[in-house]
Every structure is written in structure tokens, then in C-alpha cells.
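Reviewing the structure listed below.
The values are calculated or read from the model by the stated rules, or taken from the named source; none is laboratory data. Remember, predicted model here, so these are calculated numbers, not experimental data. Cβ: placed from backbone, ideal geometry, glycine included. Neighbour counts: every protein chain shown. Heads up: the accessible areas ignore ligands, DNA and RNA and are worked out on the full protein's heavy atoms, side chains in. Shrake-Rupley method; radii C 1.70, N 1.55, O 1.52, S 1.80 Å.
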Amino acid sequence: MGVRMMELLIGKLDALRYEPTAKRVRAFLAGEPVADTRDARLVWEPRRVVPTYAVPATAVAARLLPAGAESGDETDSGFLLPGISDRPVLDPSVPFAVHTCVGTAFDVIAGDETAGRAAFRPDDPDLADYVILEFDAFEWREEDEPIVSHPHDPFGRIDVLRSSRHVRIEHDDTLLAESSKPMMLFETLLPVRFYLPREDVAVQLEPSDTASYCAYKGRASYFSLRGGPRDIAWTYREPLHDAEQVRDRICFFDERVDVIVDGERRARPVTPWSGPIDRLS
């Protein structure tokens, strides 16, 4: 009997998962070196859908102190915060300090800078000599390329395709945009997104001060609908190379608008972005 690949990918979501990488990985704190290794591992704690990097303890140039040792604010680590423990999937909005396996948290000290609770050593024999580093606490390089948001996932990718499908975007029966020249962006585990030319947007969108980051697409800037929902659409003004084809195009949240493709109204997907915006996909 055949097995869907997606079932294999999510079938071990409750496990502590890891995958070696051949990339040289470096981390910095305010310009100070934290780690430099060719033996990093991507690590997904149980229920996490986005990986972070674990590095060999021997590759850490910074000092590691038990969390709170200097400040005297030592607390237990490896437990879930209230309101999180019943969530089946932990998306990137759940902070690094929320751990789903038992281990020890550390403060990271590089030069005069300290990143509190930014390292974690899980109690697992396969990662016994490794330290997981909080991605958001440091500046990162894969080889010589800076990366943002999270490490590139070898089991996830984006694919941008030019299309002639007719796409109509509505909100409360009001036309927002209509185009037969969409760029369709396919991303692992996420709904397809329709990036439309600006000239095909039928309403005035007001820029907001919201911004978010994607490891594959870069920095997103948001738009709100005048007199309507906030942060209903976004654009990439300076996309990373994988998303160059959607530069300056407008994409609406399928979760918050009605999308009609070739005359067929699509069901609104349910994702972490169905409610208030935290991060962009």
C-alpha cells in the first residue's frame, strides 16, 4: 500500500527529530562569534514545524552558563508554558524558551553581550554533544550567505510559477483584485498563494508598519484595507533570490478573503495566520 510523503513527514511530529547538514554554519552575537562548524544539525523539537540549528559543543566560541546563573533568576527548563501544552503544532510564534523535551537551558555570553536562555541541550543520546541555539537571538550564515527567520529546511521549499488562471479576490462581496496574470507560489505544508500585479488591485491599500521575515522570501511589508481589515495583504519589495519572481506583487491572505479561481470559490484554509497576524507565510 502506498504512503503519502506528507504522512511520513508529519507522522513523527511528536518526536525529537534531527538531520545533519553539509553546510558550514556560523552564528554571531552583535558581531562576536558564537559558533562555527561544518558539523551542524537541523533540529525539530517535538511538535515544532520549523527547525533550528544545533552545533557541537566543541564548536561554540561563546561562554555557556546555566540559564539565570549570573542574574540569580534560575528556573527549571524543558517544560511548556501555560496555554501552549495543549497545542498539537508549535508554529514559529511560540518562543524558543518553550521546550517540548527535557534538557538544560543556557545563557550565551559573547564579548560584552548576553543572550538569555538562547541555548538548550536536550537530554537525548543522539544529541548529547550538541547545543541547540535560538535562531532569533543571533546573526547566521550558511556558508557565506546570511539567512533570516529560520534555517532552510531540506524537506521544505518554495516554487513560483507563472500562470494564466483567472483569480478574483473579494471581501464581503467587494472586489479587491482581479487578474489573469498571477504568479502562483507553492510552499511545503502551506496553501498556494496568488501574487498579483499591482495594477490588477482594484482598491486602495494602505501600507502598515507590520513586517515579517521568511527564510525563502525575505522581508514582507503589509497593507491594510481602508476602513476594513488590517494587514490583509503583503508584498516583497526586496525578495531573496528564490522569490525574485514575486517582487512588488501583491498577495492577499486566503484565510481572510474570498478567492475565486477560474470561477470556483476556494475554501478558506485554516492556518496559524487565520487570526491576528504574527508572521507571514
TODO: Over the stretch 101-157, calculate the relative contact order: mean separation of alpha carbon pairs under 8 Å at least 6 apart, over the residue count, as a percent.
DONE: 22 percent
Open item on the list: Please list ASP242, ASP14, ASP39 from largest to smallest accessible area, probe radius 1.4 Å, with all protein chains kept in place.
Closed with: ASP14, ASP39, ASP242
TODO: Pop a pseudo-label 7 angstrom from the Cα along the beta-carbon direction at both GLU238 and VAL148 and give the gap in nm to one decimal.
DONE: 0.8 nm
Open item on the list: Show log10 I(q)/I(0) for the stretch 90-154 at q = 0.23 Å⁻¹, two decimals, from a solvent-free Debye sum over equal Cα scatterers.
Closed with: -1.19
Open item on the list: Expected output is a single nm value to one decimal: the length gained when fully extending between ASP86 and GLN204, i.e. 0.36 nm times separation in residues minus the C-alpha distance. What is it?
Closed with: 38.4 nm
Open item on the list: Accessible area per residue for the chain in Å², computed with a 1.4 Å probe and the full protein assembly in place, what is it?
Closed with: 52 Å²
TODO: Tell me which residues come under 5 Å, amide H to amide H, from GLY218 once H is placed; ignore anything under 5 positions away on its chain.
DONE: LEU240
Open item on the list: So for the chain, averaging the separation of alpha carbon pairs under 8 Å that are six or more residues apart and normalising by length, what relative contact order in percent results?
Closed with: 13 percent
Open item on the list: Please give the charge dipole size of the chain, origin at the Cα centre, charges +1 on K and R Cβ atoms and -1 on D and E Cβ atoms. Round to the nearest 20 debye.
Closed with: 920 debye
Task: List LYS181, LYS23, LYS217, ordered by accessible area with a 1.4 Å probe, largest first - done: LYS181, LYS23, LYS217
Task: Under the Debye formula (equal points on every Cα, no solvent term), log10 I(q)/I(0) of the stretch 214-256 at q = 0.14, 0.29 Å⁻¹ - done: -0.33, -0.98
- [ ] For THR188, put the label point 7 Å out on the Cα→Cβ axis and report which residues of the stretch 1-37 keep their amide N under 19 Å from it.
- [x] 3-25
Open item on the list: Give the average over all directions of the projected area of the C-alpha convex hull of the chain, one decimal, in nm².
Closed with: 17.5 nm²
TODO: When a/c is below 1.5 the answer is rounded, else prolate if a/b is larger than b/c, else oblate, so apply that to the stretch 128-275 with a ≥ b ≥ c taken from the square roots of the Cα gyration tensor eigenvalues.
DONE: prolate
Task: Rounded if a/c under 1.5, otherwise prolate or oblate - the stretch 174-239, Cα gyration tensor axes - done: oblate
Task: Structure-based [θ]222 nm, the chain - -39500 (n - 2.57) summed over DSSP H runs of at least 4, per residue, nearest 500 - done: -500 deg cm²/dmol
- [ ] Keeping the other protein chains in place, figure out the carbon and sulfur percent of the accessible area of the chain, with a 1.4 Å probe.
- [x] 49 percent
TODO: Sort SER179, SER149, SER93 from largest to smallest accessible area, using a 1.4 Å probe on the heavy atoms of the protein chains.
DONE: SER93, SER149, SER179
- [ ] Assign one of three labels to the stretch 101-190, namely rounded, prolate or oblate, based on the Cα gyration tensor with a ≥ b ≥ c the square roots of its eigenvalues; rounded applies when a/c is under 1.5, prolate when it is not and a/b is larger than b/c, and oblate otherwise.
- [x] prolate
Task: Of VAL131, PHE186, VAL167, farthest towards positive along the dipole that unit charges on Lys, Arg, Asp, Glu beta carbons give the stretch 130-193 - done: VAL167
Open item on the list: How much of the DSSP bridge set in the chain is antiparallel, in percent, rounded to the nearest 5?
Closed with: 95 percent
